[in-house]
1. Looking at the structure I just gave you, is Ile171 among the hydrophobic types (A, V, I, L, M, F, W, C) and either under 28 Å from Ser49 (Cβ atoms) or touching a residue at least 40 places away in the same chain (Cβ under 8 Å) (or both)?
2. Restricting to segment 71-83, count the residues that are surrounded by 12 or more Cβ atoms within 10 Å (Cβ to Cβ) and either under 30 Å from Ala46 (Cβ atoms) or without any contact (Cβ under 8 Å) to a residue 60 or more places away in the chain (or both).
3. Quick check on my filter: what residues within segment 19-60 are more than 24 Å from Val153 (Cα to Cα) and either among the small types (Gly, Ala, Ser) or open to solvent by less than 100 Å² (accessible area, probe 1.4 Å) (or both)?
4. Just checking, which of Ala115, Ala132, Ala128 is more than 30 Å from Gly155 (Cβ to Cβ), part of a loop (DSSP other than H, G, I, E, B) and aliphatic (A, V, I, L, M)?
Amino acid sequence: QASTERRQRRGRRGSRRGSRETRVVVANVEMKTVGNRVAAVGTGRAFRSLTLSSNVSGVVEAVKFVSGQKVDAGAPLIELEAESQRIAVKLAQVNVDEAAAAVKRYETLESRNAASGVQLEQARTKLAQAKAELEAKHYALAQRTITAPFAGVLGITKLTKGDYIKEGTAIATI
């Protein structure tokens, strides 16, 4: 009898302190967007990164990007003044056309024995030189447009239209 009373008292004390049962809440599974934001401090590293610079000097004619913009590889970013290079390309094309016409003339004259093979070879050499000069002028013109070397996000630039940049001037990071 004494032991039964002790068990009953313990049971009453247990119920006074609260139940030892764990409460469980049941709900259906749902997909939801949680709007919580977590602020943290850390260091991030890009897979690839480089500081863009110009290979030539010149006046900035157009800045074709804004800071933070995503760009594709080959996208034009900066255009430098290029009027003199465009004129040089036209002049080089005229020289190619003139040299090609001279080769045709000498080929016709040589077939009639009115010109020597040496003259024809000299005309062909001048044509090859004119073509190489045209290629060099096209390259110089292409250097006036600075393009993205790979796709990425551009950093901050201080350049604006009318600025003068020297060869090697930093433009932005990508």
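1. Details: among the hydrophobic types (A, V, I, L, M, F, W, C): yes; either under 28 Å from Ser49 (Cβ atoms) or touching a residue at least 40 places away in the same chain (Cβ under 8 Å) (or both): yes.
In short, yes.
2. Taking segment 71-83 first, the residues surrounded by 12 or more Cβ atoms within 10 Å (Cβ to Cβ) are 71, 75-82.
Next, from what is left, pick out any that are either under 30 Å from Ala46 (Cβ atoms) or without any contact (Cβ under 8 Å) to a residue 60 or more places away in the chain (or both): 71, 75-80.
Looking only at that region, the number is 7.
3. Step one: list which residues in segment 19-60 are more than 24 Å from Val153 (Cα to Cα), which gives 19-36, 57-59.
Selection gives Ser19, Ala27, Gly35, Ser57, Gly58, Val59.
4. Numbers: Ala132 fails: part of a loop (DSSP other than H, G, I, E, B); Ala128 fails: part of a loop (DSSP other than H, G, I, E, B).
That would be Ala115, the only listed residue that is more than 30 Å from Gly155 (Cβ to Cβ), part of a loop (DSSP other than H, G, I, E, B) and aliphatic (A, V, I, L, M).
The values are calculated or read from the model by the stated rules, or taken from the named source; none is laboratory data. Everything numeric here is computed off the predicted structure, so don't read it as measured data. Here the Cβ is made from the backbone with ideal geometry for all residues, glycine too, and neighbour counts use every protein chain on show. Note: areas computed on protein heavy atoms with side chains; ligands, DNA, RNA excluded. Shrake-Rupley method; radii C 1.70, N 1.55, O 1.52, S 1.80 Å.
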